[in-house]
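In what follows, a structure is listed as structure tokens, so that the remarks can point back to it.
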Amino acid sequence: MLRFALFALIATPAAADSVVATRTIRAQTVIVPEDLTLVAAELGGALQDPDAAYGLETRVAIYAGRPVRPEDLGPPTLVQRNQTVTLVYASGALAISTEGRALARGSEGDTVRVINLASRTTVSGRIGPDGAVYVGWDEMNAD
């Protein structure tokens, strides 16, 4: 009898939890603990740990009760479209900075186009962790 009960426990797959939205979350919203809950069901592709989603930004709208998938989330936006940003170009000991206006929104590491407000020239650069846009980033970090 004990063997049968033990076998039944081993043969039964463990129920996995899935992360679902507690409310409708609009796209471009940073996830906070009140936005998510765990349900005792395995929902295809859903996150299993809500901690993995906190602080990330939604890329699409997620409706209440729907599973939260990793592809629905991304790093938070640091630069908004039309935001004034610092443009930085550095080469060796020389660093030049000026102001620019972002032509797109983006997160750390994204490449965005920016209008240099002084020269009215459009340049492309990579968003740094401080929200500045670094022109010549690839050349500076090539190994």
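The values are calculated or read from the model by the stated rules, or taken from the named source; none is laboratory data. Just so it is clear, the structure is predicted and the values come from calculations on it, not from any experiment. Here the Cβ is made from the backbone with ideal geometry for all residues, glycine too, and neighbour counts use every protein chain on show.
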task: Could you tell me whether any residue of the range 70-79 is among the small types (Gly, Ala, Ser) and within 22 Å of ALA27 (Cβ to Cβ)?
output: yes
- prompt: Any residue in the range 92-99 that is at pLDDT 95 or above and hydrophobic (A, V, I, L, M, F, W, C)?
  reply: no
- prompt: Is it fair to say SER91 is under 22 Å from the mean Cα position of the chain (by Cα) and more than 30 Å from VAL32 (Cα to Cα)?
  reply: no
- request: For VAL123, state whether it is within 22 Å of the chain's Cα centre (by Cα), surrounded by 14 or more Cβ atoms within 10 Å (Cβ to Cβ) and among the β-branched types (Val, Ile, Thr).
  value: no
task: Could you tell me whether any residue of the range 98-116 is more than 25 Å from ARG59 (Cα to Cα), in contact (Cβ under 8 Å) with a residue 12 or more places away in the chain, among the small types (Gly, Ala, Ser) and loosely packed, with under 15 Cβ neighbours inside 10 Å?
output: no
statement: Here the residues within the range 15-44 that are assigned to a loop (DSSP other than H, G, I, E, B) and more than 20 Å from PRO75 (Cβ to Cβ) are ALA15, ALA16, ASP17, THR22, ARG23, THR24, ALA40, ALA41, GLU42, LEU43, GLY44
- request: Out of the residues in the range 94-120 that are charged (D, E, K, R) and on the phi < 0 side of the Ramachandran plot, state the one that is farthest from the chain's Cα centre (by Cα).
  value: GLU99
Matching entry among SER107, SER18 (being modelled with pLDDT of 90 or more, in the same structural domain as ILE127 (by TED's automatic domain parsing) and touching a Pro at 6+ places or on another chain (Cβ under 6 Å)): SER107
